[in-house]
Amino acid sequence: MNRPDPNLRMSNADREAVIARLHAATEEGRLDLHEFAERSGKAYEARTFAEVEHLLADLPEATGTLAVPAAAPIAPNAPTELRLTPKASSMERKGDWVVPARLVVDAKASSVKLDCRHAVIRTGEVEIDVNLIASSLEVVLPRGAYATDDNTDVMASSVSNHAPYKGGSGIRFTFSGKAKASSVTFRYERRFLWWRW
């Protein structure tokens, strides 16, 4: 992290950058949850850079960049399609599950959540083909990915894309198909203090 003038006032973005640094250190095991909570509270209360210097003094320097991992090559015999067909059920995929090139979600009166933040994605594009009736689909994208929803047929439904294309070369999620009396949401990870969902 560059060393700004200690006497300068911090912006909200500056405070969030400090919190992100502390969170990364916690995930690496350098800080425990109590230390993270204590330091985060002090960072939120800080007015100048001088007040946060000691919060980061015992942590290694960050590179200052966020790398978007390149798509890994498809392994031989790896499945290229996954079909999910819940009926009056709740279904979730999360953690380090393998996301194939094509997902088919045929849901009736069900709730489906596809959390791709830590998933293994071996292609540069993931196609999601849906047939939703009175159901909800929520897709949490990994950092750097984006979603397109240009080929949809919706009736009495809502499609909320909070991860549109804004440039870059991240993984592309395409959404197509039909939704009746249903809701579809594409979003990134939500954060509050040390909670992530």
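Under the condition of being part of a strand (DSSP E or B) and either in contact with a Pro (Cβ under 6 Å, 6 or more places away or on another chain) or open to solvent by 80 Å² or more (accessible area, probe 1.4 Å) (or both), the residues counted in the stretch 76-110 number 7. Of the numbered criteria (1) out of contact with any His (no Cβ under 8 Å at 6 or more places or on another chain); (2) modelled with pLDDT of 60 or more, the one residue 96 fails is (1).
Looking at residue 137, is it surrounded by 18 or more Cβ atoms within 10 Å (Cβ to Cβ) and closer than 25 Å to residue 19 by Cα? When the stated conditions are applied, residue 137 does not pass them. Here the stretch 154-192 is the region considered, the condition is being free of Cβ contacts under 8 Å to residues at least 24 places away in the same chain and open to solvent by less than 90 Å² (accessible area, probe 1.4 Å), and the residue that is nearest to residue 116 (Cα to Cα) is 164.
Consider residue 175 carefully, then state whether it is in contact with a Ser or Thr (Cβ under 8 Å, 6 or more places away or on another chain) and within 27 Å of residue 24 (Cα to Cα). So residue 175 fails the test. Restricted to the stretch 111-124, and to residues there that are outside any strand (DSSP E or B) and open to solvent by 10 Å² or more (accessible area, probe 1.4 Å), the residue that is farthest from residue 175 (Cα to Cα) is 118. If the condition is being open to solvent by less than 40 Å² (accessible area, probe 1.4 Å), at pLDDT 85 or above and assigned to a loop (DSSP other than H, G, I, E, B), then the stretch 1-52 contributes 31, 46, 52. Residue count for the stretch 151-170 under the criterion of being in a strand (DSSP E or B) and either under 14 Å from the mean Cα position of the chain (by Cα) or over 14 Å from residue 137 (Cα atoms) (or both): the result is 4.
In this structure, residue 129 does satisfy being open to solvent by less than 50 Å² (accessible area, probe 1.4 Å), assigned to a strand (DSSP E or B) and touching a residue at least 40 places away in the same chain (Cβ under 8 Å).
The values are calculated or read from the model by the stated rules, or taken from the named source; none is laboratory data. Please read these numbers as outputs of a predicted model, since none were measured by experiment. Don't worry about glycine lacking a Cβ; one is built from the backbone with ideal geometry, like all the others, and counts go over all protein chains shown. Surface accessibility is based on the protein's heavy atoms, side chains included, excluding ligands, DNA and RNA. Shrake-Rupley method; radii C 1.70, N 1.55, O 1.52, S 1.80 Å.
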